[in-house]
Amino acid sequence: MKWLIIFIAFLPTITRAQLKLPKIFSDNMVLQRDQPIHVWGKGTPATIVTINFSGQKTTAKVSADSTWNAYFKQQHANIHPQSLDVSSGDQKIKLENILVGDVWVCIGQSNMEFPMQKEMHFKEEIAFANQPLIRLYNPTYAGKNTYGKTFPDSVARMLTPQHFYRGNWENCDSNSVGTMSAVPYYFGKAVLNRIHIPVGLINLAIGGAPLETFISTSALQNDARFAAKLNGDWLWNNALPVWVRERGVQNVGELTNIPSDEYGKNHAFKPGFAWSGGIEPILPMPVKGILCYQGESNAQEIQRVEEYGALTSLLVDEYRKGWKQPRLPFYYVQLSAIDTVKYKGQLWPQFRDEQRKMMTSISNSGMAVCSDIGFRDDVHPTNKKAVGDRLANWALDKTYHINIVPSGPLPLKAVYKRTHPNDPVGRGEIIVSFRYADHGLGTPDGEPLRGFYIDGVHEIPATIHGKNVIIPVKTKPAFVYYGWKSFTDANLVNAEQLPASTFKIKVE
């Protein structure tokens, strides 16, 4: 009889613990405008959940699997804070200070994660940091900033999709801005200044993370090009980036009491892990688009470089299917410039060119070039304002349809023309034409044009003629290269002072 009394005494506590919202729901959040507002969670089976938001009320019955779903009609942007009330019996959840606007999901590695307090403009920017219409979901994660050593048990226990990310939505102000991710902050501010609606930024970036962690294991397994990435223990799988696996071994290689599955021990760098812990749980929540700053961890072996465009296409296809938005915008950052003395950047020119070509293979995409702001010996350039602003240019142009130039010069074609038709040697010139050069080309420093090659090794003279670049040659080469050094000082810009992308194109 005693056990029955104890059970009854604790029954109300157990019942009250049943009503839950997903982790992505918290005070200060932004809900996506102009799409049905989806609220979901868990509760006691067969009970009724009542949800109130913005003067609307709806109910949902909890299914046998303890889940419930409710929808409100789509709303226009709303800058006035609202509350969300969820109740079931005597259980109540109240979230406050909620806005309706545009939600952007940010993925990548440490350059996307890079906080405002380390950014070069932070001391000046903090005076403008009170931005009540910008909200950032910037969770920490298990194992953050732990390199070169074994994770303690406290971290190892949190390496599950359910417990990996930890955080809440925050207001953007002088108190919170220091730890906010800098690229999303500057992107959000630039967009807000032009469209004047709330901007929500969900930052799921992980320092050092390969692209594979942001893609589901099922998507990788079902693609013949990438199924090998799931062959056996990921820590010893040569189809994955070497550096990434080395870091994984340092963190979890010696651990025995750690969550794992058929692909090995859990870790932030493991294929599919960030997808399961971060992306998949928020797929029921409508969003505006995706921002990506990633690539350093996939740019150190030629096999990883050559597959990167197709791997990114797989990621984008999966996200668009998951969010049921075939044209979901995808804007990303091209790797900067870095020397090869202290960093393995030998393949960065080719990698930057692979990223450039992704704009052709991935619809509704755009690339922010930042090779002009790279540091010679540091993989973390501190000018994140330029990066965020350049990402915002793409969004403002392609998503918000504001008439601006979104990019620096992008090559259209390179045409060889003989200047002396009867010359048996074949002396002539290459005429390189560009997109986003309508108002002319130039150099930002007024110096002669730099950065062109016809062999990828030896720089050659080139001059600007209006919208084109002219390269004198003795014979017709196979290709023209631009910015083809790991740490490049190539200096071609358009009239908007936006830099040209690294490229290698065939000479016609």
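If you take every DSSP beta bridge fully contained in the chain, what fraction is antiparallel? Give it as a percent rounded to 5.
70
At a threshold of 8 angstrom on Cα-Cα distance, excluding pairs fewer than six apart, so keeping six or more, what relative contact order does the chain reach in percent?
Taking the mean separation of contacting Cα pairs over the length of the chain, I get 12 percent.
Given contacts defined as C-alpha pairs under 8 Å and at least six residues apart, what's the relative contact order of segment 196-260, whole-number percent?
20
Given segment 351-410, what whole percent of its Cα pairs are spread farther than 20 Å?
Tail of P(r) above 20 Å: 31 percent of Cα pairs.
What does segment 42-89 give for Rg and for Dmax, in Å, if only its C-alpha atoms count?
12.3, 38
Just the number, please: Stokes-Einstein D of segment 147-282 in µm²/s, Kirkwood Rh from C-alpha pairs, 25 °C, 0.890 mPa s.
147
Would you kindly state how much longer the chain becomes between Ser218 and Ile79 on full extension, computed as 0.36 nm times their sequence separation minus their alpha carbon distance, in nm to one decimal?
46.1 nm
For segment 384-501, what is the convex hull volume of the alpha-carbon atoms per residue, in Å³?
115
Over the Cα atoms of segment 102-199, compute the convex hull volume and normalise it per residue, giving Å³.
115
Viscosity 1.306 mPa s, temperature 10 °C: Stokes-Einstein D of segment 292-400 from its Kirkwood Cα radius, in µm² per second?
109
Helix 2-16 versus the longest principal axis of the chain: what is the Cα-based angle in degrees, 0 to 90, to the nearest 10?
Tilt of helix 2-16: around 40 degrees.
At Lys342 and Glu447, where each label point lies 7 Å from the Cα along Cα→Cβ, what is the point-to-point distance in nanometres?
Between Lys342 and Glu447, the simple spin-label model gives 2.1 nm.
Whose amide H sits under 5 Å from the amide H of Glu170, counting only residues 5 or more places off or on another chain, with H placed in the peptide plane?
Under 5 Å from the amide H of Glu170: Leu136, Tyr137, Asn138.
Just the Kirkwood number for segment 172-243, please: inverse of mean 1/r across all distinct Cα pairs, in Å, one decimal.
Result for segment 172-243, one decimal place: 15.4 Å.
For Thr179 and His420, what does the FRET efficiency come to when R0 = 51 Å and r is the distance between their Cβ atoms, rounded to the nearest 0.05?
After rounding, the FRET efficiency stands at 0.20.
If you fit an axis through the alpha-carbon atoms of helix 242-252 and take the longest principal axis of the Cα set of the chain, what angle between them do you get, 0 to 90°, nearest 10?
It is inclined by approximately 30 degrees.
Report in % the part of the accessible area of segment 355-487 that belongs to carbon and sulfur, leaving out ligands and nucleic acids; probe 1.4 Å.
That share works out to 52 percent.
Which of rounded, prolate, oblate describes segment 440-508, given a ≥ b ≥ c as roots of the alpha-carbon gyration tensor eigenvalues and a/c under 1.5 marking rounded, otherwise prolate only if a/b is larger than b/c?
Because a/c hits 1.5 or more and a/b exceeds b/c, segment 440-508 counts as prolate.
Which aspartates and glutamates have a Cα lying under 13 Å from the Cα of Lys504, excluding residues fewer than 8 positions away in the same chain?
Correct list for Lys504: Asp353, Glu354, Asp455.
On the principal axes of its Cα set, how long, how wide and how thick is segment 226-291? Give whole Å, largest value first.
40, 27, 20
State the dimensionless ratio Rg/Rh of the chain (Rg: radius of gyration of Cα atoms; Rh: Kirkwood radius).
Ratio value, two decimals: 1.03.
Given the convex hull over the Cα atoms of segment 22-158, what projected area results after averaging over all orientations, in nm²?
Projected area, direction-averaged: 11.9 nm².
For the chain, what does -39500 (n - 2.57) per DSSP helix run (n ≥ 4), summed and divided by total residues, give at 222 nm, in deg cm²/dmol to the nearest 500?
It lands at -6000 deg cm²/dmol.
Using Cα atoms only, what is the angle between the long axis of helix 302-322 and the major principal axis of the chain, expressed in degrees (0 to 90) to the nearest 10?
That helix lies at roughly 40 degrees to the long axis.
How many lysine pairs in segment 223-336, separated by 8 or more positions in sequence or lying on different chains, have Cα atoms less than 16 Å apart?
4
Residues in segment 191-210 near a label at Ser260, defined as backbone nitrogen under 12 Å from the 7 Å Cα→Cβ point?
Output list for this probe position: empty.
What size of dipole, in debye to the nearest 20, comes out for the chain about its Cα centre when the only charges are +1 on Lys and Arg C-beta atoms and -1 on Asp and Glu C-beta atoms?
It comes to approximately 820 debye.
Assuming R0 = 56 Å, what is the FRET efficiency of Lys149 and Thr59, from their Cβ-Cβ distance, to the nearest 0.05?
Rounded to the nearest 0.05, the efficiency is 0.65.
The values are calculated or read from the model by the stated rules, or taken from the named source; none is laboratory data. None of these values were measured; they are calculated from a predicted model. Glycine also receives a Cβ, built like all others from the backbone with ideal geometry; neighbour counts cover every protein chain displayed. For the accessible areas, the whole protein counts, side chains as well, though only heavy atoms, and no ligand, DNA or RNA atoms are used. Shrake-Rupley method; radii C 1.70, N 1.55, O 1.52, S 1.80 Å.
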